[in-house]
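Okay, so here's the structure we're looking at.
The values are calculated or read from the model by the stated rules, or taken from the named source; none is laboratory data. On a predicted model such as this, the values are computed, not experimentally measured, just so you know. So basically every Cβ, Gly included, is an ideal-geometry build from the backbone, and we count neighbours across all protein chains shown. Calculation scope for accessible area: heavy atoms of the full protein, side chains included, ligands and nucleic acids excluded. Shrake-Rupley method; radii C 1.70, N 1.55, O 1.52, S 1.80 Å.
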Amino acid sequence: MNIHALRSSERALHALDLACRIEAGELTPAAVLESCEQAIAAREAEIGAFAALDVSRAKKSAAVAPAGPLCGLAVGVKDIFDTVDFPTEYGSAIYAGHRPQTDAAVVSQIRRAGGFLLGKTVTTEFAHMWPGKTRNPRNPQHTPGGSSSGSAAAVAAGMVPIAIGSQTGGSVIRPAAFCGVAGFKPSYQLLPTVGMKCFSWQLDTVGLFAANVSDVAFAAAAIADRDLRVDRTAPAAPRIAVVRMHIWSEASEAMQAALEAAARAAEAAGARVSDVTLPGALEEAWRAHPVIQDYEAYRALAFEYDHHRERIAPTLRKLLDNAAEIAPERYDEARRTTRRARQLLGDLFEGFDVILTPSAPGAAPHGLQSTGNPIFNRLWTLMGTPCVNVPGLADDAGLPLGVQLVARFGRDKRALEAALFLERAIERAH
């Protein structure tokens, strides 16, 4: 199996470079918006990244660069976050035309940082598995992943330089991998979920998409108002643990080859790379994830289930039907399992900086009936750890193969620094 360099998207908008040029007076937000508008005109009819869009409002916002590090850059926001300026429908016909009275907290943070909303990006229904209309810009015959389908696709197609998503299982890392962009799932609760449609309050995490690692780190730093930028100094060589997990056989031949190629590139660039086998307690926690997720979803979506059950997509309806049978004792035990695993994982990180593991079982599956499988993501969502999809590799068909780096809880900048190191190492090697 041959692994190739991922072809760079000609349309990609690099948030960091654009913001720096605006700040220097070389570029205006209106000019960046023009690029966004051209990409939308060229590809939105085919890709379907947006659930709601208002370019005329965006042009008014872009007339003057607002104060703040985002410098008037346009942002796409997943349609599970409440917005005053746009309908918020959560990917569900139940909420057609719904207009919240307030913005979600992270939307307010975007505005405070000097960004503006170009539109709402497509989500799967209630951020579960039922596919929306979005197609993969790398190959429209393939899924863009989910549930943050539109956010990943909009960035990959150059429609926006930054997009917001969320992850409960694998809904940031997986679509970022499928679409060949950088995806960042921060530590649990680094970004607020206030005003976001809840699926699982123990798991829901706000995440971001941008063209590459420096871009997504810049966006995260601006929106979170934290020291997360990684572009100012060369990243140090990290200590990397290669983890294949107990589900390694579920990874495609191409994905297995991509992980090995990434490990070799990192080692050649000076990283200390070693193979690590996770203890059985982490495998047990992996199995606990759906118990916690489904138990909470049955309660978080109680109104929709009790009053509009027949209008919920079949896959989610079946999940909620089954979740109704999960006993509180089983949920409590799953949470205890999770706490033990988090403690053990924290101890394991004493020996290395980051874990290298697949972002998905393989490249984006052909067809639009499925958004792919989150099996390589859900443990890390459950652990609350920061994760970064590192783009740069592709299979023989040119489809992206993403690998993810995972750092200790709260070490978000370390995760991003290691991701930049790996991204550059992959570029040099290929």
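List of remarks:
- Residue match in the range 302-318 (condition: at pLDDT 95 or above, outside any helix (DSSP H, G or I) and among the aromatic types (Phe, Trp, Tyr)): no
- Restricting the range 27-47 to residues that are in contact (Cβ under 8 Å) with a residue 60 or more places away in the chain and surrounded by fewer than 20 Cβ atoms within 10 Å (Cβ to Cβ) leaves a set whose member that is farthest from Pro161 (Cα to Cα) is Glu46.
- Some residue of the range 200-209 being part of a loop (DSSP other than H, G, I, E, B), acidic (Asp, Glu) and more than 17 Å from Leu416 (Cα to Cα): yes
- Evaluation of Ile240 against (1) out of contact with any Leu (no Cβ under 7 Å at 6 or more places or on another chain); (2) of a type in the set (A, V, I, L, M, F, W, C); (3) within 22 Å of Leu345 (Cα to Cα) (one fails), failing number: (1)
- Flag if Pro328 is open to solvent by 10 Å² or more (accessible area, probe 1.4 Å) and either polar (S, T, N, Q) or within 22 Å of Gly146 (Cα to Cα) (or both): no
- Matching residues in the range 249-281 - criterion: being assigned to a loop (DSSP other than H, G, I, E, B) and closer than 29 Å to Thr338 by Cβ: Ala251, Ser252, Val276, Thr277, Leu278, Pro279
- Residue match in the range 292-311 (condition: among the hydrophobic types (A, V, I, L, M, F, W, C) and closer than 26 Å to Val388 by Cα): yes
- Residue match in the range 236-248 (condition: touching an Asp or Glu at 6+ places or on another chain (Cβ under 6 Å), among the basic types (Lys, Arg) and either under 26 Å from Gly280 (Cα atoms) or at pLDDT 95 or above (or both)): yes
- Residues in the range 106-135 that are of a type in the set (Val, Ile, Thr) and touching a Pro at 6+ places or on another chain (Cβ under 7 Å) were compared, and the one that is surrounded by the most Cβ atoms within 10 Å (Cβ to Cβ) is Thr134.
- Checking Asp275, Asp231, Asp225 one by one, the residue that is surrounded by fewer than 22 Cβ atoms within 10 Å (Cβ to Cβ), acidic (Asp, Glu) and farther than 20 Å from Val354 by Cα is Asp225 and no other.
- Residue among Leu393, Leu382, Leu416 that alone is in a helix (DSSP H, G or I), open to solvent by less than 10 Å² (accessible area, probe 1.4 Å), over 14 Å from Gly183 (Cβ atoms) and not polar (S, T, N, Q): Leu382
- Total residues in the range 48-86, condition open to solvent by less than 10 Å² (accessible area, probe 1.4 Å) and among the aliphatic types (A, V, I, L, M): 9
- Flag if Ala241 is of a type outside the set (Val, Ile, Thr), open to solvent by 20 Å² or more (accessible area, probe 1.4 Å) and under 30 Å from Ser8 (Cα atoms): no
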